[in-house]
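Enquirer: Below is one structure. I have some questions about it.
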Amino acid sequence: MKVYLDNNATTALDPRVADVMLAQFLEGPTNASSQHVFGRRSRSRLDTAMEAIGSHLGTRLDQPNGARLIITSGGTESNHQALTGLTDQGSLVLSQIEHPSVLATVKWLEKRGRTLSWLETDQGGLVQLDQLETLISTDEHDIALVSLMAANNETGVIQPISQAAEICQKAGIPLHVDATQIVGKLPLNLEDSGISAVTFTAHKFHGPTGVGGLWLAPEVKVEPVFHGGEQQLETRPGTEPVALVVGMAEALKLAVDEMQDSTEHCGMLRDRLESGLLARHPELVVQGKIHDRLPGTSSISFLKTDRQSMLMALDMAGIACSSGSACSSGSSPPSHVLTAMNRPADEIESTLRFGVSKFSTIEEIEFAIDSISNAYNKLRIKPCVDN
Ligand SMILES: Cc1ncc(COP(=O)(O)O)c(C=O)c1O
């Protein structure tokens, strides 16, 4: 049996989405900027798909000077465009547990003269907003932008975004939210949310890889990353990938339509995974458990093991999971998220992330519990017994 428990890294394409995309791919040439009948048909497909995406995010995209959606290649690009393009001076406030695509971008900006301020988390991985209020109230920080993730990709801990939006709105500071892990998993209503810009990507909700979005609230302007044609009002030039956007719209529709069932299903499977493992090994530590988490995410420390050895043993046993964010799984440096949470070194060294999806089954989870438990029994350093 092969069990895929790495759904925070990416999800399998829903076959229903594949069908819709295939029909779109086969419809004919799709340059939505062309003036002929093929181009007009593509434009209409693109507009319909984008409006559907907007409505699934609780926002209208057809109002003059209203909210906008920029189609990008995914979460990394959306984050980059938001962080580099929403403001061009002043300091940036971020949490220490942001995704590497955010951290690397702001460190790049720092080298070019922008100052950064960091929000810490508690030991459960929840960002501390009182620190944001303190930063805002001290005048020395000329804060231009706050950027926070909606849910952490490693622990699944859901972050206090509505409160952050309220604080930022009161202070007149734009808030960018990396909602990559939450879109399609939990309800999101962007209209009147007080958020200025939102990042998401289709491959986290059973859509295609290579397409995502940056939603912008009414009146919010963003500088382009690329320069070229006039597509997307010159904010993201390049021929739009119509079939990918149609696929993203279908995937989001299915995710939203099936959200209640999949939340219950993923929550049940995740809880069973944790309770099954804890029943056999009560010493395991589940990270972020004290807070609300994404229903399908579990981050577990297998004390007295090395996460890389566990990962490989599980791979051999047919269980696919991860030892951090997918971007770092090749080299697997210690998790910056767990480090920011001030977890002890032995927890950081031994933590694996599991993510179930609506396509995961209870049989897979029971198989995973046995396999993980066996691997742990083999790899755990046993205490020396004096004789
Ligand atoms: C929170 C978060 N932000 C951004 C990204 C990057 O998204 P993409 O792979 O579409 O570039 C990811 C993907 O792992 C993520 O989990």
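No lab work stands behind these numbers, since they all come straight from the coordinates. Not measured: the values here are computed from a predicted model. Glycine gets a Cβ as well: all are built from the backbone with ideal geometry, and neighbour counts include every protein chain shown.
Enquirer: Compute the distance from the alpha-carbon center of the stretch 343-370 to that of the stretch 93-136, in whole Å.
Expert: For the stretch 343-370 versus the stretch 93-136, the Cα centre distance is 28 Å.
Enquirer: For the chain, what does -39500 (n - 2.57) per DSSP helix run (n ≥ 4), summed and divided by total residues, give at 222 nm, in deg cm²/dmol to the nearest 500?
Expert: Mean residue ellipticity, 222 nm, calculated: -12000 deg cm²/dmol.
Enquirer: Based on Cβ point charges of +1 for Lys and Arg and -1 for Asp and Glu, what charge dipole magnitude is obtained for the chain about its Cα centre, in debye rounded to the nearest 20?
Expert: 740 debye
Enquirer: Can you tell me what share of the DSSP beta bridges in the stretch 15-257 is antiparallel? A percent to the nearest 5 is fine. Before the final figure, lay out the partial values.
Expert: Values: 12 of 27 bridges.
Taking every DSSP beta bridge within the stretch 15-257, about 45 percent pair in antiparallel fashion.
Enquirer: While we're looking at this one, here's another question. Among Met316, Met21, Met341, which comes first, then next, by fewest other beta-carbon atoms within 10 Å?
Expert: Met316, Met21, Met341
Enquirer: For an R0 of 51 angstrom, estimate the FRET efficiency from the Cβ-Cβ distance between Ala12 and Gln128 and round to the nearest 0.05.
Expert: 0.90
Enquirer: Shifting gears a bit: Which value in nm describes the separation of the simple spin-label points at Asp271 and Arg112, placed 7 Å from the Cα toward the beta carbon?
Expert: Going from the Asp271 label point to the Arg112 one covers 4.7 nm.
Enquirer: Please compute the length gained on full extension between Gln169 and Asp261, using 0.36 nm multiplied by the number of residues separating them and subtracting their Cα-Cα distance.
Expert: 29.7 nm
Enquirer: Here is a further query. Could you please rank Ser44, Ser299, placing first whichever residue has the fewest other Cβ atoms within 10 Å of its Cβ?
Expert: In increasing order of surrounding Cβ atoms, one gets Ser44, Ser299.
Enquirer: In addition: Hey, which lysines would be in cross-link range of Lys378, C-alpha to C-alpha under 21 Å, not counting anything within fewer than 8 residues on its own chain?
Expert: Lys2, Lys304
Enquirer: Taking neighbour counts of Cβ atoms within 10 Å as a proxy for exposure, in what order, fewest first, do Phe200, Phe367, Phe205 appear?
Expert: In increasing order of surrounding Cβ atoms, one gets Phe367, Phe205, Phe200.
Enquirer: With each label point set 7 Å from Cα along the Cα-Cβ vector, what nm distance links Ser73 and His36?
Expert: 2.9 nm
Enquirer: When a/c is below 1.5 the answer is rounded, else prolate if a/b is larger than b/c, else oblate, so apply that to the stretch 100-226 with a ≥ b ≥ c taken from the square roots of the Cα gyration tensor eigenvalues.
Expert: rounded
Enquirer: For the chain, what is the relative contact order in percent, using Cα pairs closer than 8 Å and at least 6 residues apart in sequence?
Expert: Details: 751 pairs, mean separation 90.1, N = 387.
Contact order relative to length: 23 percent.
Enquirer: Something else: Normalised radius of gyration for the chain, please: alpha carbon Rg relative to 2.2 N^0.38 Å, two decimal places. If you can, show how the numbers build up before the last one.
Expert: On the way: Rg = 21.7 Å, N = 387, 2.2 N^0.38 = 21.2 Å.
So the Cα radius of gyration is 1.02 times the expected 2.2 N^0.38 Å.
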